[in-house]
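Peer 1: Just passing along the structure, written as structure tokens.
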Amino acid sequence: MAERMYSVEEVADLLGLHVRTVRGYIRDGRLNAVRIGRQYRIAPADVEALTGRPAPPAAPAVEVSSIVQVDGVGPDAAARLATLVQAGANTGGPARALRLQVVHDAERRRMKIVVLGGAAATADLLRLLDEVIGGGNALLEGERADG
């Protein structure tokens, strides 16, 4: 079985460095790396040689996909909810980044929110949505009363 190789992004995460710093180390020859196509791959032994200590094990990658459907949403409330969801997804920095797609069907007064990302960040966003949508929040109440 082949030895696991790290990407530049993974090494940056493991060492708490910026990706550009890791690339600079590679260019300067301080960190050995193999170029495969347009990307670099770094062996754990090379990370150890740079830091003088064993490379910490990489956390297993977990990604969650969720689809949230909200009925009875007019265009104004959909715009407000989309802004709130986008803001909620952007909190926590790049390590907790979520990918979102928000679609509103005005004719059916239905909104769908597709969320892709890590389990913890997705759970936090779903809790936020539950509080806003299910908690009698004024964000959607005006729309539902008019509907």
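The values are calculated or read from the model by the stated rules, or taken from the named source; none is laboratory data. Every value quoted in this text rests on a predicted model; they were computed, and no experiment measured them. Neighbour counts are summed over all protein chains in view; Cβ atoms, including those assigned to glycine, are modelled from backbone coordinates with ideal geometry. The area values use the complete protein model at the heavy-atom level, side chains included, leaving out ligands, DNA and RNA. Shrake-Rupley method; radii C 1.70, N 1.55, O 1.52, S 1.80 Å.
Peer 1: Is it the case that the stretch 17-24 has a residue that's at pLDDT 90 or above, on the phi < 0 side of the Ramachandran plot and among the small types (G, A, S)?
Peer 2: yes
To keep it simple, each residue is scored yes or no on (1) open to solvent by less than 60 Å² (accessible area, probe 1.4 Å); (2) modelled with pLDDT under 85.
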| site | (1), (2) |
| --- | --- |
| A82 | yes, no |
| G88 | yes, yes |
| T91 | no, yes |
| R96 | no, yes |
| L100 | yes, no |
| E107 | no, no |
| L126 | no, no |
| A138 | no, yes |
| E141 | no, yes |
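Peer 1: Consider V73 against the criteria (1) loosely packed, with under 15 Cβ neighbours inside 10 Å; (2) part of a loop (DSSP other than H, G, I, E, B): it satisfies all of them except one. Which criterion is unmet?
Peer 2: Of everything listed in (1) loosely packed, with under 15 Cβ neighbours inside 10 Å; (2) part of a loop (DSSP other than H, G, I, E, B), V73 misses just condition (1).
Peer 1: Right, another one. When the residues of the stretch 25-44 are narrowed to those that are touching an Asp or Glu at 6+ places or on another chain (Cβ under 8 Å) and either of a type in the set (K, R) or surrounded by fewer than 17 Cβ atoms within 10 Å (Cβ to Cβ) (or both), which ends up modelled with the lowest pLDDT?
Peer 2: If we take residues in the stretch 25-44 being touching an Asp or Glu at 6+ places or on another chain (Cβ under 8 Å) and either of a type in the set (K, R) or surrounded by fewer than 17 Cβ atoms within 10 Å (Cβ to Cβ) (or both), then A43 is modelled with the lowest pLDDT.
Peer 1: Quick one: L15 ticks every box in (1) touching a residue at least 40 places away in the same chain (Cβ under 8 Å); (2) touching a Ser or Thr at 6+ places or on another chain (Cβ under 9 Å) except a single one, so which number is it?
Peer 2: All conditions are met except number (1).
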